[in-house]
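Let me begin by presenting the structure, written as structure tokens, before commenting on it.
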Amino acid sequence: MRKSEESSGPAGSAVYMVSLGCSKNLVDTEVIAGTLLTSGRTLAFDPNEADLYVINTCAFIPAARREAEEAIEEALVWKKERPGRTVVVAGCLTEWDKPGDYRRRYAEVDLWTGVNDVAGIAALLDEKRVPESGREPLWLYDHTTPRLQLTVPHMAYLKIADGCNNRCSYCAIPGIRGVLRSRSIASVEAEAKNLVDAGVKELLVIAQDITAFGADRPGDGEDIARLLERLNAIPGDFVIRLLYTHPAHYTDSFIGFLARPGTKVLPYLDIPLQHINDRILKAMGRHVTKAETVALLERLREEVKDLTIRTTFITGFPGETDEEFEELAAFVKEQKFERCGVFPYSPEPGTPAAKLPGQIPLELAETRAKRLLELQKKIMRKVNRNWIGREVRMLVDDVDGRVAVGRAMMDAPEIDNRILLLHAKRLRPGQFCPVRITGADSYEFTAEQL
């Protein structure tokens, strides 16, 4: 660390926070909030009541960086309105901006911090220091790190690792978040117990790739299957949802656990496949073939009862021909994924894919993405209607009078569908409720309380 040559003075006691990007970034925001609160500061829900403004940024794609720019500019307007205000920009944008262009562009920002400083912002502010630049991201929180849960009380994200070793050719994450770093099973278990004891009913297990858990420490003998065994053994009425798996990293022990009836792990898997054509998969660096992908999906559907598969695809990857896109569209139509997102490819500076020949015009990539989404919308309508008449266990997310909104095993928060329950009786958020599905469209279910 080095002393800051310029300082706006000590940061104040009331903190307003903005969290951008994914759920993994939200956990970092919760740690930032927790460490700031334990330093004696308070949380403000109105920026006009704060004198410290912290933005935890995302930089994964151009749209995320534009969102970060807008948030920074808004914060700097806030800063000018009253003397003594402090702005901190944290997270992925700082790591992505290795040349320092954003620091020069927004020179009025008081402090820029990266991954290694998530739990150290309070100390940096109090001691008027700035972190050294160019450090490899290596920090990882554990169960002893202060963390303020910012989600609804009955739902929490459980980040089991950070960083990624997959090195997909289109992805900037390894350069932003660093190499794979897994927590110990004991640490994850301890945090999970604390969350369940605090009333959490749904634990969402996350990382850049949860199926790689423990691969950075092979001598420890820890992997995702062993972790799930321990989480499943925690006493309490709660469920576990798995997000962000990689199709190349499914093991027999992991699939065997998923196939076991009666566990707390929901029959829901998020498996970003990105494409299905073998040439494109190889160019993407996905370490899996079409045949291997199809075999995995067939095995999962055969062994895991009532399985919901969420996936994502990229259209317009460099060199994608009309025939290769049609192969992808046919695959989506054939597999009938329960949940699916589609994104047009955009070149990320510094990634191998950005230098590949045959860059596809964004307009064409967007057209292809739109076509896949239209196809998926029809698929989801049919898939969802298959649930009509079935009884499911709904977790109530919100209640407004006699109307309750929630989700069942087939839907994750924020990204998937919801269940609308009319004429709800004596329900509260965080409560499990048996319901019967009475209607469905592409994005919403209706149900009756049992």
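The values are calculated or read from the model by the stated rules, or taken from the named source; none is laboratory data. Since the model is a prediction, treat every value here as computed from it, not as a measurement. Don't worry about glycine lacking a Cβ; one is built from the backbone with ideal geometry, like all the others, and counts go over all protein chains shown.
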task = Please work out if residue 331 is surrounded by 14 or more Cβ atoms within 10 Å (Cβ to Cβ), touching a Lys or Arg at 6+ places or on another chain (Cβ under 7 Å), at pLDDT 95 or above and in a helix (DSSP H, G or I).
result = no
Among residues of region 261-288, those that are assigned to a helix (DSSP H, G or I), free of Cβ contacts under 8 Å to residues at least 24 places away in the same chain and not basic (Lys, Arg), counted = 2
key: Pick from region 80-91, criterion out of contact with any helix residue (DSSP H, G or I) (no Cβ under 8 Å at 6 or more places or on another chain) and not charged (D, E, K, R), ranking: surrounded by the most Cβ atoms within 10 Å (Cβ to Cβ)   = 84
key: So residue 94, is it in the same structural domain as residue 33 (by TED's automatic domain parsing), among the hydroxyl-bearing types (Ser, Thr, Tyr) and surrounded by 14 or more Cβ atoms within 10 Å (Cβ to Cβ)   = yes
note = residue 66 fails exactly one of (1) surrounded by fewer than 22 Cβ atoms within 10 Å (Cβ to Cβ); (2) in contact with a Gly (Cβ under 9 Å, 6 or more places away or on another chain); (3) not hydroxyl-bearing (Ser, Thr, Tyr), namely (2)
request  = May I ask you to say which residue of 302, 292 is surrounded by fewer than 20 Cβ atoms within 10 Å (Cβ to Cβ), more than 20 Å from residue 329 (Cα to Cα), more than 24 Å from the chain's Cα centre (by Cα) and not aromatic (Phe, Trp, Tyr)?
outcome  = 302
query = Does residue 325 fit the bill of being crowded, with 21+ Cβ neighbours inside 10 Å, hydrophobic (A, V, I, L, M, F, W, C), in a helix (DSSP H, G or I) and in contact (Cβ under 8 Å) with a residue 40 or more places away in the chain?
reply = yes
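In region 378-450, which strands (runs of 3 or more DSSP E) lie fully inside it and hold 1 or more residues that are crowded, with 16+ Cβ neighbours inside 10 Å and among the small types (Gly, Ala, Ser)? Steps first, answer last, please.
On the way: elements: 391-400, 403-407, 418-421, 432-440, 444-449.
Per the criteria, 403-407, 432-440, 444-449.
What about residue 29, is it among the hydroxyl-bearing types (Ser, Thr, Tyr), assigned to a helix (DSSP H, G or I), over 17 Å from residue 147 (Cα atoms) and in contact (Cβ under 8 Å) with a residue 24 or more places away in the chain? So that I can check it myself, show each step before the final result.
Numbers: among the hydroxyl-bearing types (Ser, Thr, Tyr): yes; assigned to a helix (DSSP H, G or I): yes; over 17 Å from residue 147 (Cα atoms): no; in contact (Cβ under 8 Å) with a residue 24 or more places away in the chain: yes.
When the stated conditions are applied, residue 29 does not pass them.
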